[in-house]
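Structure first, then comments.
The values are calculated or read from the model by the stated rules, or taken from the named source; none is laboratory data. Just so we're clear, the structure is a prediction, and the values are computed from it rather than from any experiment. Every residue, glycine among them, receives a Cβ derived from its backbone with ideal geometry; neighbour counts consider all protein chains shown. For the accessible areas, the whole protein counts, side chains as well, though only heavy atoms, and no ligand, DNA or RNA atoms are used. Shrake-Rupley method; radii C 1.70, N 1.55, O 1.52, S 1.80 Å.
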Amino acid sequence: MRVLFMGTPDFARVVLEALVHSRHEVVCVVTQPDKRGNHGMICPPVVKTYAESVGLPVRQYAKVRAEGTEEMRSFGADIYVTAAYGQLLDKAILDSAKYGTVNVHASLLPAYRGSCPVQRAIMNGEKQTGVTIMQTAEGLDTGDILLVKKTDISDTDTAETLMAKLASLGAEALLEYLDELESGKVTRIAQDSSKATYFPMLSKADGLINWNASAEETDRLIRGVTPWPGAYTHRCGKTLKVHKAYPTDAESGLSAGTIIKADKTGIYVACGKGTLVLTDVQLEGKKRMCCADFLNGCRICTGEVLG
């Protein structure tokens, strides 16, 4: 089957790589324009870098609906596949190929529609998630469900580790769906929109730790916003990033945000319920360190309050 692929981040790269190594033919890769990154350097999407490395034609449109519709049709694809592409598609694009457009979405639809399903699933304490291959419609993740694969969320998963698992699962699901499509065995299930959940895009503010929450909730927040936007609190007027931590049920009787103790095993902080132990932190202007190294150069006193 001739596939036109549309995607941008590493999640999409994993799916694309599986397609490239399958019996299907990728006729073109569409991705977002290059962006200016740190130190003013121009950074291409990882999908573009991979596609060019294997000799695939690449197209980048600032506004795909305005610029790409006709050129994309010229590649003669049987199906369009999207995976974290990053732009909305209109009906003219969705219907361009014989089998329309399908999307690899990193949640069990209709739950967690939108742009950050992996992060929000961890933050909300879900125990299971998965990928959905859906027929893309004009609404936001509203199309028919074509195939679903599930996986557990571990107590140590971050958005980064879970995204990697879901990328591999999504690649597997897509290839399985394409086989079903060719054999005519596809089952379409309409989504029950009454069960749909939406969450807004993450912002820097979402990483701010609220010590009044329980230790378990705070741990989920930290894991859900890792690596971006990252969890943080404030100490002595400076930002203290928290890269790793773990919750305990221990109660100190101290007010939320108070440091109970700090030693080479971690910085113990009272929460609204339980205690969070910070094990990997980064003070503003400094490098990321394990707490043992951090405390060698920074004195932290029992009774200090973070916030």
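Considering (1) of a type in the set (A, V, I, L, M); (2) under 21 Å from the mean Cα position of the chain (by Cα); (3) closer than 26 Å to S203 by Cβ, say which one L19 fails and leave the rest. For L19, the failing item is (3). Restricting attention to the range 134-157, the residues that are in contact with a Phe, Trp or Tyr (Cβ under 9 Å, 6 or more places away or on another chain), closer than 15 Å to P117 by Cα and surrounded by fewer than 16 Cβ atoms within 10 Å (Cβ to Cβ) total 1.
Of the residues that make up the range 100-109, is at least one among the aliphatic types (A, V, I, L, M), in contact with a strand residue (DSSP E or B) (Cβ under 7 Å, 6 or more places away or on another chain) and closer than 20 Å to P227 by Cα?
Yes: one or more hits.
Scanning the range 219-253 for residues that are surrounded by fewer than 17 Cβ atoms within 10 Å (Cβ to Cβ) and over 23 Å from D157 (Cα atoms) returns H234, C236, G237, K238, T239, E251, S252, G253.
For E160, are the conditions met, namely being open to solvent by 70 Å² or more (accessible area, probe 1.4 Å), of a type outside the set (S, T, Y), more than 28 Å from A245 (Cα to Cα) and touching a residue at least 24 places away in the same chain (Cβ under 8 Å)? So E160 does not fit the description; no. Could you please let me know if A215 is of a type in the set (A, V, I, L, M, F, W, C), out of contact with any helix residue (DSSP H, G or I) (no Cβ under 7 Å at 6 or more places or on another chain), open to solvent by less than 80 Å² (accessible area, probe 1.4 Å) and more than 30 Å from T132 (Cβ to Cβ)? Against the criterion (of a type in the set (A, V, I, L, M, F, W, C), out of contact with any helix residue (DSSP H, G or I) (no Cβ under 7 Å at 6 or more places or on another chain), open to solvent by less than 80 Å² (accessible area, probe 1.4 Å) and more than 30 Å from T132 (Cβ to Cβ)), A215 qualifies. Quick test of your reading of the structure: K91 fulfils all but one of (1) within 13 Å of T69 (Cβ to Cβ); (2) in contact with a Lys or Arg (Cβ under 9 Å, 6 or more places away or on another chain); (3) of a type outside the set (G, A, S). Name the failing condition by number. With respect to (1) within 13 Å of T69 (Cβ to Cβ); (2) in contact with a Lys or Arg (Cβ under 9 Å, 6 or more places away or on another chain); (3) of a type outside the set (G, A, S), K91 is out only on (2).
Scanning the range 122-163 for residues that are among the hydroxyl-bearing types (S, T, Y) and closer than 22 Å to S194 by Cα gives T129, T132, T136, T142.
Within the bounds of the range 13-25, is there any residue that is more than 17 Å from L175 (Cβ to Cβ), out of contact with any Phe, Trp or Tyr (no Cβ under 6 Å at 6 or more places or on another chain) and of a type in the set (V, I, T)?
no
When G297 is tested against (1) modelled with pLDDT under 95; (2) surrounded by fewer than 20 Cβ atoms within 10 Å (Cβ to Cβ); (3) in contact with a Gly (Cβ under 6 Å, 6 or more places away or on another chain), only condition (3) is not met.
Which residue, of T218, T233, is touching a residue at least 12 places away in the same chain (Cβ under 8 Å), of a type in the set (S, T, Y) and in a helix (DSSP H, G or I)?
Matching residue, one of T218, T233: T218.
Just one residue in the set L254, L278 is at pLDDT 95 or above, of a type in the set (A, V, I, L, M, F, W, C) and in a loop (DSSP other than H, G, I, E, B); that residue is L254.
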